[in-house]
1. Select from the stretch 7-34 the residues that are among the hydroxyl-bearing types (Ser, Thr, Tyr), open to solvent by less than 80 Å² (accessible area, probe 1.4 Å) and in a helix (DSSP H, G or I) and write down the one among them that is farthest from residue 47 (Cα to Cα).
2. Taking the stretch 71-86, which residues are of a type in the set (S, T, N, Q), open to solvent by less than 40 Å² (accessible area, probe 1.4 Å) and over 11 Å from residue 102 (Cβ atoms)?
3. Within the stretch 38-59, which residues are within 14 Å of the chain's Cα centre (by Cα) and in a helix (DSSP H, G or I)?
4. Check 68, 39 and return the single one that is of a type outside the set (D, E, K, R), surrounded by 13 or more Cβ atoms within 10 Å (Cβ to Cβ) and at pLDDT 90 or above.
Amino acid sequence: VMLGSGNPVYEDWMRATESIYKDKFRGWVGFNVPVSHRITAGCDILLMPSTFEPCGLNQLYAMRYGTIPVVHETGGLRDTVQTFNPFAAGSNAEGCNAEGTGYVVHELGFIFPLSCRFFLINLGGRFLR
């Protein structure tokens with residue numbers, strides 16, 4: 001399930017993927033508060049690839065719902081999410097600790113294509129072209 005807007009390439013990809021895999025994929029182009037909360041509350045991981053986010057509330061909602069936020073290291077996302085490290089004892093200078101609230105990544109450019117690839121592999125190895 002994906003919700004969002006901004007990059008027309010990803011918006012078109014969501015529409016195309018939903019039309020091809022009607023029983024496996026849902027994409028909501030745009031933003032809707034009630035739908036956003038339902039998706040966040042019902043998923044395991046919230047990916048926030050924002051390039052600009054002065055504050056950000058969705059990662060806070062995710063933490064409240066028990067959903068793991070994976071966020072781009074920008075603005076309020078960087079300030080509110082602490083990277084979880086299961087091997088840490090206490091915390092370190094990078095903000096990684098054993099009691100982290102999610103994951104903060106420096107470059108999200110590789111995560112979206114990898115997650116899409118994982119999704120397609122799970123559909124029997126068929127790739128969209």
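1. Of all residues in the stretch 7-34, those among the hydroxyl-bearing types (Ser, Thr, Tyr) come to 10, 17, 19, 21.
In the following step, the residues that additionally are open to solvent by less than 80 Å² (accessible area, probe 1.4 Å) were identified as 17, 19, 21.
Adding the requirement that they be in a helix (DSSP H, G or I) leaves 17, 19.
Values: 17: 18, 19: 22 Å.
Top of the filtered list is 19.
2. The one that is of a type in the set (S, T, N, Q), open to solvent by less than 40 Å² (accessible area, probe 1.4 Å) and over 11 Å from residue 102 (Cβ atoms): 74.
3. If the condition is that a residue be within 14 Å of the chain's Cα centre (by Cα) and in a helix (DSSP H, G or I), then 39, 40, 41, 42, 58, 59 are the ones that fit.
4. 39
The values are calculated or read from the model by the stated rules, or taken from the named source; none is laboratory data. In this text the structure is predicted, and so the values were computed from the model without any measurement. With ideal geometry, Cβ positions are generated from the backbone for all residues, glycine too; neighbour counts draw on all protein chains shown. The area values use the complete protein model at the heavy-atom level, side chains included, leaving out ligands, DNA and RNA. Shrake-Rupley method; radii C 1.70, N 1.55, O 1.52, S 1.80 Å.
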